[in-house]
Amino acid sequence: YDEYGFQPIVVFDGEGRFVTAVLRPAKRPKGTEIRTFLRRLLRAIRANWPKTEILLRADGHYACPEVLDWCEAEGIDYVLGLPTSRTLRRHVTTLEASTTARFQTASGTGKVRRFKEFYDGASTWSRVRRIVARVEAGDQGTDTRFIVTNLRHGAGRWLYEGLYCARGQAENHIKAWKAHLAADRTSCTKATANQFRLFLHAGAYWLLWSLRSVMPKRSRWRTVQFDTLRLRLVKIAARIMEMKTQIKVHLPTSAPDQAIIHLALGRLPRLIS
């Protein structure tokens, strides 16, 4: 409390690769700020992959008029969370009541989840857009969430459960970046220095993500957390011998996980090529 904080914008791709991180104040970003950030990101992507189709998946902070209009003008698909409002709730009043009644009559079967699609738009929007409502009734009451998308295909259930909810995996990537790689260590006195810190932590994330990606696909090492990789494969004792033409690293014969260490060392050149 009573201290400065940061709320960086962090972007990952669908496979968990780190794309970028931008340091910013700890307040809700405005639509113009998000649009400016996305424009720079799009230019960088298009410079390398000009024909790649892009889908933006993000929480309700991104569902602002500037972002929606810009995505549609640039041909970018989006599935964004949408903050609840009284206008949206009017569309699902009947569905909430019937979902609650269905849960009460079917006791012991767990939560009841239903979906509804409709077109509506806020007063600040330039047009009406496709909105999906998810209504869930359980012991804790009724919970309703909304998403907005410009995709024309896919049923509402798939758009929410199969596409939008996968956004939650990005929260795990952010957790790994912060908790296991200390990305929240932004203690410098200048914003430029703290931004550089984020880039360093992003580089550390890339190294460990790449190390994990070369592991056998069906092994537990393909899904372990970054701190496990660091403690079991990176942070181990070794003896260094400097020679004229090479540097030898002698690992202790009693080191655990020797087999996976040898495999990882053999596959490391793939990360360079």
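The values are calculated or read from the model by the stated rules, or taken from the named source; none is laboratory data. Model, not experiment: these values are computed from the prediction. For neighbour counting, all protein chains shown are included, and Cβ atoms are generated from backbone atoms with ideal geometry for every residue, glycine included. When the accessible area is computed, the model is the full protein with side chains, heavy atoms only, and any ligands, DNA or RNA have been set aside. Shrake-Rupley method; radii C 1.70, N 1.55, O 1.52, S 1.80 Å.
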Quiz item: In degrees from 0 to 90, rounded to the nearest 10, what is the angle of the helix 93-105 Cα long axis to the longest principal axis of the chain?
Solution: 70 degrees
Self-check item: Ratio Rg/Rh, restricted to the chain and using Cα atoms, in which Rh is the Kirkwood radius
Solution: 1.06
Practice problem: Return one whole number: the accessible area per residue of the range 1-126 in Å², for a 1.4 Å probe. | Solution: 64 Å²
Quiz item: Summing +1 for each Lys or Arg and -1 for each Asp or Glu, what net charge is found among the other residues whose Cβ lies under 9 Å from the Cβ of ARG145?
Solution: -1
Quiz prompt | Added length on full extension, which subtracts the Cα-Cα distance from 0.36 nm per residue, SER210 to GLN225 | solution = 4.1 nm
Quiz item: Given H placed 1.01 Å from N in the peptide plane, which residues other than close sequence neighbours of ASP120 have an amide H under 5 Å from its amide H?
Solution: ARG129, ILE131
Quiz item: For ASN194, what charge total do you get from the other residues with a beta carbon under 13 Å from its beta carbon, if Lys and Arg give +1 and Asp and Glu give -1?
Solution: +3
Exercise. Over the range 191-267, consider all pairs of different Cα atoms and compute the Kirkwood hydrodynamic radius from their mean reciprocal separation; express it in Å, one decimal.
Key: 14.4 Å
Quiz item: Quick one: length gained pulling ALA155 to VAL249 fully straight, 0.36 nm per residue minus the C-alpha distance?
Solution: 28.3 nm
Quiz item: Around VAL92, with a cut-off of 13 angstrom between Cβ atoms, what is the net charge of the other residues, counting Lys and Arg +1 and Asp and Glu -1?
Solution: +3
Exercise. Restricting to the range 1-130, compute how many DSSP beta bridges are antiparallel as a %, nearest 5.
Key: 65 percent
Self-check item: Per-residue [θ]222 nm for the chain (sum of -39500 (n - 2.57) over DSSP H runs n ≥ 4, rounded to 500)
Solution: -10500 deg cm²/dmol
Quiz prompt | Degrees separating the helix 191-213 axis from the principal Cα axis of the chain, which is the longest one | solution = 80 degrees
Exercise. Could you sort out which of LYS51/LYS178; LYS30/LYS51; LYS27/LYS175; LYS175/LYS235; LYS217/LYS248; LYS30/LYS190 sit more than 27 Å apart by Cα distance in this structure?
Key: LYS51/LYS178; LYS30/LYS51; LYS217/LYS248
Quiz item: What's the FRET efficiency of LEU55 with GLU33 using the Cβ-Cβ distance as r and R₀ = 25 Å, to the nearest 0.05?
Solution: 0.75
Quiz item: Taking a probe of 1.4 angstrom, what is the accessible area of SER85 in Å², to the nearest 10?
Solution: 50 Å²
Practice problem: For THR20, list long-range residues whose amide hydrogen, built 1.01 Å from N in the peptide plane, is under 5 Å from its own amide hydrogen. | Solution: VAL11
Quiz item: Got a sec? Which residues in the range 141-160 would a label at ARG89 touch, if it sits 7 Å along Cα→Cβ and we count backbone N under 14 Å?
Solution: 142-146
Practice problem: Using a 10 angstrom cutoff on alpha carbons, build the Gaussian network for the chain and name the most mobile of ARG86, ARG239, ARG46. | Solution: ARG239
Quiz item: So what's the angle, to the nearest 10 degrees on a 0 to 90 scale, between helix 65-74 and the longest Cα principal axis of the chain?
Solution: 70 degrees
Quiz item: What accessible area per residue comes out for the range 191-267, rounded to a whole number of Å², with a 1.4 Å probe?
Solution: 69 Å²
Quiz item: Taking the chain as a Gaussian network, Cα atoms linked when under 10 Å apart, which of ALA204, ALA73, ALA182 shows the biggest mean-square fluctuation?
Solution: ALA73
Exercise. Quote to one decimal, in nm, the extra length available between ASP257 and ARG113 on full extension: 0.36 nm per residue of separation minus the C-alpha distance between them.
Key: 47.4 nm
Quiz item: Considering only protein heavy atoms and a 1.4 Å probe, what is the carbon-and-sulfur percentage of the accessible area of the chain?
Solution: 52 percent
Quiz item: Considering the chain as a Gaussian network with a 10 Å cut-off on Cα pairs, which listed residue, LYS235, LYS30, LYS116, attains the greatest mean-square fluctuation?
Solution: LYS235
